[in-house]
Amino acid sequence: MHLHNIIKAVLGSSVALLIATAPLLAHAETPQNFLDGFAQEAKAQNPAFKGFSAKTGEAFYKNKHGGDWSCSSCHTDNPMAEGKHAVTGKVIQPLSPNANPVRFTDSAKVNKWFKRNCNDVLKRECTPEEKGNLLTYLLSVKS
Amino acid sequence: MKISTQLFVATLFVGLSATAAAGDHNYGPYPSYYTEECGSCHVPYPPQRMTQAGWETQINGLKHHYGTDASVDVPASQTILSYLVNNAGWKDKLAPTDPTARMTKTAWFVKEHGASAPKGKSFSECTQCHTKAAVGDYSEQTLKVPASWRSR
């Protein structure tokens, strides 16, 4: 086999591998991807939007917003800790990506749970700014 | 000798698992999509323990599910409903008795557990007593009733 044939073969298989893994790579999301997305949406809704605040996110997380539950009712006051469902007692894995790396890596799950839990706590959908502040807070908690 | 004992135990175990059937209080393993969607907030409930009508009411009412929004998107909810219906019970005692089809209000449940949970507790906390409920095992061997639940 000539050298250029070997190179061709290696290149060929690398391209094939890249094509095969491209869809997987496209789906691997990070908390930062979500922050960027929320920031874009927040800016589109409010041109005066300046950026997210962990402090505002923390207040949002602990507030009952006039209802019976806050985020912390199930996820506890410390998003690095395991939570417990307020009614069923079922253990809930930590919400912060710092304690639980699978959090905020799958947009289908992120959308599903924001939709449900915002309805539970606020009786409405959350705004992109609220989601961004919350995630900024979750990422700021280290212990 | 040791290996043959292990083999024997393993064979026995496989044999027992293979004969798992109605009456042994073992309803798992559940499909992963069922555990994922219906086992996040509570343990996934055994489809065999309620009738088709009950499961239809449950799945159609997920948007307002005992004070929470438990909505599931349409392809997933159809898959889940098919699974529940295909494995649903048929006896009268498994039929829903209230408008929201609470499993805990069916005749068999009330007979087995009483009409109300101890104060401050909820019947939805299956794992309080059925320690392996998360995987569908409700057998006597894995049942552990706390003293506070017994004194009633």
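We did not get these values from a lab; they are worked out from the coordinates using the rules stated. Bear in mind the structure is a predicted one, so any value in this text is a computation, not a measurement. Every residue, glycine among them, receives a Cβ derived from its backbone with ideal geometry; neighbour counts consider all protein chains shown.
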For peptide A:117-123, what's the mean number of Cβ atoms from other chains within 10 Å of each residue's Cβ?
2
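Work out how much length A:Lys123 to A:Lys84 would gain on full extension: take 0.36 nm times their residue separation and subtract the Cα-Cα distance, in nm to one decimal.
Details: separation 39, 0.36 × 39 = 14.04 nm, distance 2.10 nm.
Here the segment from A:Lys123 to A:Lys84 would lengthen by 11.9 nm.
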Placing one identical point scatterer on every Cα of the stretch A:57-124 and ignoring solvent, what is log10 I(q)/I(0) from the Debye formula at q = 0.21, 0.23, 0.25 Å⁻¹?
-0.95, -1.14, -1.31
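Pop the C-beta distance of B:Thr104 and B:Val74 into the FRET formula with R0 = 35 Å and round what comes out to the nearest 0.05.
Working: r = 27 Å, r/R0 = 0.78.
With a Förster radius of 35 Å, E is 0.80.
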From the phi of every residue in the stretch B:117-129, what ³J(HN,Hα) in whole Hz does the Karplus formula 6.51 cos²θ - 1.76 cosθ + 1.60 yield, where θ is phi - 60° and glycine or proline is x?
6, x, 3, x, 10, 10, 5, 6, 8, 3, 5, 3, 10
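So for B:Ile80, A:Ile92, fewest C-beta neighbours within 10 Å to most, what's the order? Mind dumping the intermediate values first?
On the way: B:Ile80 23, A:Ile92 16.
Taking fewest neighbouring Cβ atoms as first place, the list is A:Ile92, B:Ile80.
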For a label point 7 Å from the Cα of A:Ile92 along Cα→C-beta, name the residues of the stretch B:108-152 whose backbone N is under 18 Å from it.
B:122, B:124-127
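Mind checking A:87-94 for the average number of partner chain beta-carbons within 10 Å of each residue's beta-carbon? All intermediate terms of the calculation are to be shown ahead of the outcome.
Details: counts 8, 11, 8, 10, 2, 2, 1, 0.
Averaged over the peptide's residues, the number is 5.
When Rg is the radius of gyration of the Cα atoms in the stretch A:87-143 and Rh is its Kirkwood radius, what does Rg/Rh come to?
On the way: Rg = 11.9 Å, Rh = 12.4 Å.
On the Cα set of the stretch A:87-143, Rg over Rh gives 0.96.
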